[in-house]
1. Report the residue count in region 16-36 for those that are of a type in the set (S, T, N, Q) and farther than 19 Å from Pro124 by Cα.
2. Which of the residues belonging to region 56-73 are acidic (Asp, Glu) and surrounded by 13 or more Cβ atoms within 10 Å (Cβ to Cβ)?
3. Does region 24-31 include one or more residues that are closer than 17 Å to Ala119 by Cα and out of contact with any strand residue (DSSP E or B) (no Cβ under 9 Å at 6 or more places or on another chain)?
4. Residues to consider are Ile45, Ile58; find the one that is under 18 Å from Leu20 (Cβ atoms), at pLDDT below 95 and out of contact with any His (no Cβ under 9 Å at 6 or more places or on another chain).
5. Only one of these is touching a Gly at 6+ places or on another chain (Cβ under 6 Å), within 19 Å of Ser34 (Cα to Cα) and aliphatic (A, V, I, L, M): Leu105, Leu111, Leu100, Leu67. Name it.
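The values are calculated or read from the model by the stated rules, or taken from the named source; none is laboratory data. Here the structure is a predicted model, which is why all the values come from computation and not from measurement. Note that each Cβ is placed from the backbone with ideal geometry, even for glycine, and that neighbours are counted across all protein chains shown.
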Amino acid sequence: MRFLLDTHLLVWVPVSGPRLSRSARTILNDPENSFSFSAVSLWEIAIKRSIGKLDPGINPGIIRRELIEMGYEELPVLGLHAIAVEGLPWIHKDPFDRLLIAQALVEGITLLTVDSTIARYPGPIRKV
């Protein structure tokens, strides 16, 4: 199965963070699964880091490099993704999360998330 990681997971995966749930670890360790990360998440990390809302040790460039080295595919933001945001219900107001949801819908990828609000959206979303 193909998965798109939300931003929380993107930060935790390279360091095998203790915050990863058992169900997340099971999915992440299954060799049958493939994983993608979005440029949206890197953008979110960069913005939050620059305004002091994120540990300065969390470096989006290093995270990107490590994920690519781990075999994760980088998903760019396309116009189709941006347009798809318009059709989403207003369950969640976070623009980064809304774009991740739209990317999952457009690309037919299951969005793997730790966020209960994101998990309320219909479509290919799995909370771990």
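1. Residues that pass the stated criteria total 3.
2. Residues of region 56-73 acidic (Asp, Glu): 66, 69, 73.
Those that are acidic (Asp, Glu) and surrounded by 13 or more Cβ atoms within 10 Å (Cβ to Cβ): Glu66, Glu73.
3. Of all residues in region 24-31, those closer than 17 Å to Ala119 by Cα come to 24, 27.
Those still in the list that are out of contact with any strand residue (DSSP E or B) (no Cβ under 9 Å at 6 or more places or on another chain) too: none.
Looking for residues that are closer than 17 Å to Ala119 by Cα and out of contact with any strand residue (DSSP E or B) (no Cβ under 9 Å at 6 or more places or on another chain), one finds none in region 24-31, hence no.
4. Working: Ile45 fails: at pLDDT below 95.
Unique residue meeting the criteria: Ile58.
5. Values: Leu111 fails: touching a Gly at 6+ places or on another chain (Cβ under 6 Å); Leu100 fails: touching a Gly at 6+ places or on another chain (Cβ under 6 Å); Leu67 fails: touching a Gly at 6+ places or on another chain (Cβ under 6 Å).
Going through Leu105, Leu111, Leu100, Leu67 in turn, the sole match is Leu105.
Let's see how each residue does on (1) under 17 Å from Gly123 (Cα atoms); (2) of a type in the set (Asp, Glu); (3) surrounded by fewer than 19 Cβ atoms within 10 Å (Cβ to Cβ); (4) touching a Phe, Trp or Tyr at 6+ places or on another chain (Cβ under 7 Å):
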| residue | (1), (2), (3), (4) |
| --- | --- |
| Pro14 | no, no, yes, no |
| Ser38 | no, no, no, no |
| Ser50 | no, no, yes, no |
| Gly79 | no, no, yes, no |
| Thr110 | yes, no, yes, yes |
